[in-house]
Amino acid sequence: MTRPAPAAPPPHALLDLAPPTAAEFAAVERRVAALLGTGNDVVIMQGEALLPLEGCVKGAARAGSTALNIVTGPYGQTFGGWLRDCGAAVHDLEVPFSGAVGAEQVERALAARPETEFVSLVHAEAATGNTNPVAEIGEVVRAHGALLMLDAVASVAAEPLLPDAWGVDLCVIGAQKAMGGPAGVSAVSVSERAWARLAANPGAPRRSYLSLLDWKERWIDTGRRALPHAPAQLEMAALDACLDRIERTGLGAVQQRHARAAAATRAGALALGGGLAPYVHEEAAAAPVATTLRTPAGVDASALVAKALAASPGLPLIAGGGPLAAGMVRVNHYGPDASEEAVTSCLRALGEALAHAAGPGAAPVDTRAAVRAAAGAWAGA
Ligand SMILES: *Cc1c(COP(=O)(O)O)cnc(C)c1O
């Protein structure tokens, strides 16, 4: 008697994936360039977005030079540390995380230090829920002549991002937020001015994983014919798939979904009551990628989120990081969670948790009014 044939092995599709060829890798770079509407070189870095961000700072900030670091949230604080590591004289322009920095503040900071060569700025901060007017700031920085680095990880695909029109020299993106893609690869567009600055900096990383110049010399300047290292094939395939999905949906439609999610969350939270309030005061400064909410006095945000998630696991809710954990709730309505359903579910879960958490005399919670307000804002945005 013959034994039955062994069952077919499970499909190891992820393991069997062939690495992208140089031509395929270059095609993904062109797709990213198209997404950013940039004519500058795009380098795809084989690591999470902190890799190109650190590579940009370490490459562009010369020892002994002066840098203006605009701090509107925790990522700006990180950049300040890197700039100091480079031996730059760093001026931090810090504004309350509940708002945006104004172009006139940047103009004054540059006028006070005309020798400033480098400006670092975060477009939208997912961690604090604010977004900055990059077009106006870019104009001021360009007029001054400094190099502008922009962290656009939390803004790309969530809101308009025009690095070339805005005079951004180094524009860093990651796919893990509004693009709904992988976190393990990232990209940076590099202007001619920025390449020249990096090349002239004796301290810029070379023969290093942080080195943008290595990619220029070994990949771009040789006609993108041979990849300098084994590419991260899973992440590259996922990035290509996510760019494909955005192209099919239309970038404008993806951005509109995020704008709607932000408007609906804000309106819903205001109608919810219970003492919950938008953390970012002005709606114009609220980022489409994520909405941050301030919990009322006596309600710990971490405990509130834990309660909401225990009842409704999997919702895109998280308490603020570090010192913000006690008083801030974040609704991460990005990527697939930029949906009316996700927003509504978050409002319901927060409403229920808040109704239980609040002590006697607390402001009443009206979950139905919140859902109604969210629906109205979703339709109107
Ligand atoms: C999410 C994000 C990044 C990526 O950092 P992670 O901490 O790895 O998520 C970088 N910059 C900004 C502004 C972000 O919002």
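Tabulated data
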item	result
Which numbered condition ARG245 fails, given (1) open to solvent by 60 Å² or more (accessible area, probe 1.4 Å); (2) under 20 Å from PRO336 (Cβ atoms); (3) in contact with a Phe, Trp or Tyr (Cβ under 8 Å, 6 or more places away or on another chain)	(3)
Qualifying positions in region 129-164 - under 14 Å from the mean Cα position of the chain (by Cα), among the acidic types (Asp, Glu) and either more than 17 Å from LEU93 (Cβ to Cβ) or surrounded by fewer than 23 Cβ atoms within 10 Å (Cβ to Cβ) (or both)	GLU159
Subset of region 273-293 (residues that are farther than 22 Å from ALA353 by Cα, touching a residue at least 24 places away in the same chain (Cβ under 8 Å) and either in a strand (DSSP E or B) or among the charged types (D, E, K, R) (or both))	GLU282, ALA286
When residues of region 278-292 are limited to those that are under 14 Å from ALA373 (Cβ atoms) and in contact with a Ser or Thr (Cβ under 9 Å, 6 or more places away or on another chain), the one nearest to the ligand (Cβ to nearest atom)	THR291
Those residues of region 21-35 which are of a type outside the set (A, V, I, L, M) and over 26 Å from the mean Cα position of the chain (by Cα), in sequence order	THR21
Residues being open to solvent by 10 Å² or more (accessible area, probe 1.4 Å), among the small types (Gly, Ala, Ser) and not in a helix (DSSP H, G or I) - total across region 333-362	5
From the options ALA226, ALA271, residue that is touching a helix residue (DSSP H, G or I) at 6+ places or on another chain (Cβ under 7 Å) and in the same structural domain as THR295 (by TED's automatic domain parsing)	ALA271
Selection count, region 353-381, where residues are among the acidic types (Asp, Glu) and at pLDDT below 95	0
Top-ranked residue of region 301-318 - restricted to ones that are open to solvent by 20 Å² or more (accessible area, probe 1.4 Å) and either at pLDDT below 95 or aliphatic (A, V, I, L, M) (or both), ranked as nearest to ALA338 (Cα to Cα)	LEU315
Residue under evaluation ILE318, criteria (1) within 30 Å of ALA103 (Cβ to Cβ); (2) part of a strand (DSSP E or B), criterion not met	(1)
Those residues of region 37-70 which are away from the ligand (no atom under 16 Å from the Cβ), under 23 Å from VAL141 (Cα atoms) and open to solvent by less than 30 Å² (accessible area, probe 1.4 Å), in sequence order	THR38, VAL42, GLY59, ALA60, ALA61, SER65, THR66, ALA67, LEU68
Residue within region 81-102 that is closer than 28 Å to TRP215 by Cβ, open to solvent by 60 Å² or more (accessible area, probe 1.4 Å) and free of Cβ contacts under 8 Å to residues at least 12 places away in the same chain present	yes
Residue pairs meeting the criteria (Cβ under 7 Å; at least 6 apart or on separate chains; first outside the structural domain of GLU125 (by TED's automatic domain parsing), in region 327-354; second assigned to a loop (DSSP other than H, G, I, E, B) and among the charged types (D, E, K, R))	TYR334/LYS177; GLY335/LYS177
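The values are calculated or read from the model by the stated rules, or taken from the named source; none is laboratory data. Keep in mind that what you see is a predicted model, and the values were worked out from it rather than measured. Here Cβ is always computed from backbone atoms with ideal geometry, including for glycine, and neighbour counts include all displayed protein chains. The area values use the complete protein model at the heavy-atom level, side chains included, leaving out ligands, DNA and RNA. Shrake-Rupley method; radii C 1.70, N 1.55, O 1.52, S 1.80 Å.
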